[in-house]
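Here the structure is laid out as structure tokens; the discussion comes afterwards.
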Amino acid sequence: MLVDAQRMLREGLRIILAHAGDMVVVAEADDGSAALALARALAPDVAVVDINLAGMSGIEATRRMLAENPGIRVLGLSAVADRRLVLQMLEAGARGYIDKSAGSAELLRGIRAVAQGEAFLYAEAAAALVESLRKRSMRRQRSEALGRREREVLQLLAGGKTSVQIAAVLHIATGTVEVHRRNIMRKLDLHNVADLTRYAIREGLTSA
């Protein structure tokens, strides 16, 4: 099944797959809702899903599709190898990811790989994923360097408390809170409270 908002691109993919000899396009969809309905009705072996769909994103469509039918193998498709999108698509359950700039041979290789239950990442996507994992590892190492008091300050900051409120909760001076905040940002290489909040949520340091 081909899922992409651009009709011309779907037609191009259909032609490529028709010449492959071992693939048949059973359905096409131009948005996530249509893709879910077709997946329920036809249960295709493989769904090539564009991440950037109108309304429901390809990532959410993949998540819902696989929740209903885990047997479908999804190959994510995008015009950019954004590491965040790569990770989100894989976390949604896709077995592979390919960039629209790839050649037809790479596309066929990707479809065959995921159809066989293997993982497949186009070179640029693989590089983006590796870079993301590298940065995550570095940040985790920096997190381990935080002291007990710094972690307490981080949790309270992520919970929306001001420096004055944190000082009252921890029974320390406001200036000390500011020092801790600067040290936390330096150690984690983060630059504002919004970044600290996202980090704390991602690492399970707060339920916010």
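The values are calculated or read from the model by the stated rules, or taken from the named source; none is laboratory data. Just so you know, these numbers come straight off a predicted model, no measurement behind them. With ideal geometry, Cβ positions are generated from the backbone for all residues, glycine too; neighbour counts draw on all protein chains shown.
Which one of these does residue 23 not meet: (1) over 16 Å from residue 96 (Cβ atoms); (2) modelled with pLDDT under 95?
Exception for residue 23: condition (1).
Cβ contacts < 9 Å: first residue closer than 13 Å to residue 95 by Cβ, restricted to region 67-84; second residue loosely packed, with under 13 Cβ neighbours inside 10 Å, any location; separation 6+ or different chain. Result?
73/116; 73/117
State which residue is nearest to the chain's Cα centre (by Cα) when the search covers only region 36-58 and only residues that are among the β-branched types (Val, Ile, Thr) and at pLDDT 95 or above.
Here the residue is 49.
Only one of 98, 111 is under 20 Å from residue 44 (Cβ atoms), at pLDDT 85 or above and outside any helix (DSSP H, G or I). Can you tell me which?
That would be 98, the only listed residue that is under 20 Å from residue 44 (Cβ atoms), at pLDDT 85 or above and outside any helix (DSSP H, G or I).
Within region 169-202, track down each residue that is among the β-branched types (Val, Ile, Thr) and modelled with pLDDT under 90.
Listed by number, the residues that qualify are 184, 193, 197, 201.
The rows are residues; the columns are (1) in a loop (DSSP other than H, G, I, E, B); (2) in the same structural domain as residue 84 (by TED's automatic domain parsing); (3) surrounded by fewer than 14 Cβ atoms within 10 Å (Cβ to Cβ); (4) without any contact (Cβ under 8 Å) to a residue 12 or more places away in the chain.
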residue	(1), (2), (3), (4)
150	no, no, no, no
166	no, no, no, no
177	no, no, no, no
184	no, no, no, no
187	no, no, no, no
190	yes, no, no, yes
195	no, no, yes, yes
